Amino acid sequence: MVRCIDWQDGAVVLVDQTLLPAEERWLRIADPEELVAAIQRLAVRGAPALGAAGALGVALAAVGGRDVAGAAARLRSARPTAVNLARGVDRALARVPHGAAAVVAEARAVLDEEAASSRIIGQRGADLLGGMLPGRLRLLTHCNTGWLATVEWGTALGVVTVLHERGRVERVYADETRPLLQGARLTAYELAALGVDHRVVVDGAAPSLIARRLVDGVVVGADRIAANGDVANKVGTYPLALAAARAGVPFVVAAPESTIDSSTPAGDAIEIEERDPAEVASGPAYNPAFDVTPHDLVTAVVTERRTVRLSEGDTL
């Protein structure tokens, strides 16, 4: 499978997600400051892919003989909510005393680990939902959690992919995901490529679809999971969890272990990124990129190592 971000001949290559689905353009980045800019404008996005980007950015600085500590600091702060970004930076940074080759090797290890974990998450999540729900499933997802967000394969969309391969998917509803339409642009693009029957729905319609019993299960990703199980994900996730709880529909979070942040006790301690109001309106606007879903609304968290059934009293 093609990776959305990779290391090739001393540079980072990545698909510019701001142009999809109209244009598939690959960028070659040799300057860590250019990578910071790509992260901030969402040319590369998704927690696992950001973890890889953070590590690769440190590798760029090390190979280029630049100020590694300064580059690492700017990479860490490029997007504050997703914990994977900082973790990728820190992993690569720890190898700096051993030389540039060691930093590159660590960054490539992050890439490989994210790719491998996504496939396991897809299988584990499909086993969970497939075992909980009978027949062919109508699923709803939010934002984008496929290979574009995770290096390869996908987390929540990886679960959908495995269920589709097993003949268990009837239809997927993809929230458009305002204001930058990661669902309408990217998730729909990936579902079409997979041959999955799908419909894009506006964010405001999604909870009512759940209430009308048109959805059998909700599966989403995460950008940070606090120690108590509270989940930070793309803004608009929390209303889905509320609707799912009211309707008795499973609400499953699929994310790698690297997204669980044991140093953050609960969701209210997670920094929520606020983006440019111009993304939303021409006048004054409040534009939070994420919201936090309380753990008591989460049926289960699925990682590459475990399935934690929060609704049954399991803890992380």
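Structure data summary
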quantity: Residues that are surrounded by fewer than 24 Cβ atoms within 10 Å (Cβ to Cβ) and at negative phi, drawn from the range 52-69; calculated: Val63, Gly64, Arg66, Asp67, Val68, Ala69
quantity: Sole residue being of a type in the set (Lys, Arg) and farther than 28 Å from Glu190 by Cα, chosen from Arg91, Arg41, Arg28; calculated: Arg91
quantity: From the options Arg87, Arg79, residue that is surrounded by fewer than 24 Cβ atoms within 10 Å (Cβ to Cβ) and not hydroxyl-bearing (Ser, Thr, Tyr); calculated: Arg87
quantity: Subset of the range 15-47 [within 16 Å of the chain's Cα centre (by Cα) and either β-branched (Val, Ile, Thr) or part of a strand (DSSP E or B) (or both)]; calculated: Val15, Thr18, Ile39, Val44
quantity: Ala193 vs. criteria over 15 Å from the mean Cα position of the chain (by Cα), over 30 Å from Gly248 (Cβ atoms) and not basic (Lys, Arg); calculated: yes
quantity: Lone unmet requirement of (1) over 19 Å from the mean Cα position of the chain (by Cα); (2) farther than 21 Å from Arg178 by Cα; (3) in a loop (DSSP other than H, G, I, E, B) for Tyr286; calculated: (2)
quantity: Residues that are in contact (Cβ under 8 Å) with a residue 60 or more places away in the chain, of a type in the set (Gly, Ala, Ser) and not in a strand (DSSP E or B), drawn from the range 198-236; calculated: Ala206, Gly221, Ala222, Ala227, Gly229, Gly236
quantity: Residues satisfying the stated conditions in the range 108-142, i.e. within 27 Å of Leu214 (Cβ to Cβ) and in a helix (DSSP H, G or I); calculated: Ile121, Gly122, Gln123, Arg124, Gly125, Ala126, Asp127, Leu128, Leu129, Gly130, Gly131, Met132
quantity: Meets criteria (within 17 Å of Leu128 (Cβ to Cβ), among the aliphatic types (A, V, I, L, M) and more than 18 Å from the chain's Cα centre (by Cα)) for Leu163; calculated: yes
quantity: Flag for Val219 being touching a helix residue (DSSP H, G or I) at 6+ places or on another chain (Cβ under 7 Å), closer than 30 Å to Pro265 by Cα, surrounded by 23 or more Cβ atoms within 10 Å (Cβ to Cβ) and not assigned by TED's automatic domain parsing to the domain that holds Thr18; calculated: yes
quantity: Tally, over the range 170-179, of residues that are of a type outside the set (Lys, Arg) and surrounded by fewer than 23 Cβ atoms within 10 Å (Cβ to Cβ); calculated: 3
quantity: Residue match in the range 162-179 (condition: more than 14 Å from Leu140 (Cβ to Cβ), hydrophobic (A, V, I, L, M, F, W, C) and at pLDDT 95 or above); calculated: yes
quantity: Boolean, Ala78 is of a type outside the set (S, T, N, Q) and part of a helix (DSSP H, G or I); calculated: no
quantity: Verdict on Leu310 being touching a strand residue (DSSP E or B) at 6+ places or on another chain (Cβ under 8 Å), over 24 Å from Leu180 (Cα atoms) and buried (at least 20 other Cβ atoms within 10 Å of the Cβ); calculated: yes
quantity: Residue check, Val159 buried (at least 20 other Cβ atoms within 10 Å of the Cβ) and not assigned by TED's automatic domain parsing to the domain that holds Arg41; calculated: yes
quantity: The range 143-190 - residue that is without any contact (Cβ under 8 Å) to a residue 24 or more places away in the chain and not in a loop (DSSP other than H, G, I, E, B) and, of those, farthest from Val220 (Cα to Cα); calculated: Glu165
quantity: Residue list for the range 32-71, restricted to those being more than 24 Å from Ala115 (Cα to Cα) and touching a Gly at 6+ places or on another chain (Cβ under 8 Å); calculated: Ala71
quantity: Residues satisfying the stated conditions in the range 4-28, i.e. over 23 Å from Val83 (Cα atoms) and touching a strand residue (DSSP E or B) at 6+ places or on another chain (Cβ under 6 Å); calculated: Ala11, Trp26, Leu27, Arg28
quantity: Subset of the range 2-23 (residues that are of a type in the set (Asp, Glu) and surrounded by 16 or more Cβ atoms within 10 Å (Cβ to Cβ)); calculated: Asp6, Asp16
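The values are calculated or read from the model by the stated rules, or taken from the named source; none is laboratory data. Keep in mind that what you see is a predicted model, and the values were worked out from it rather than measured. Heads up, the Cβs are rebuilt from the backbone with ideal geometry, glycines too, and the neighbour counts pull from every protein chain shown.
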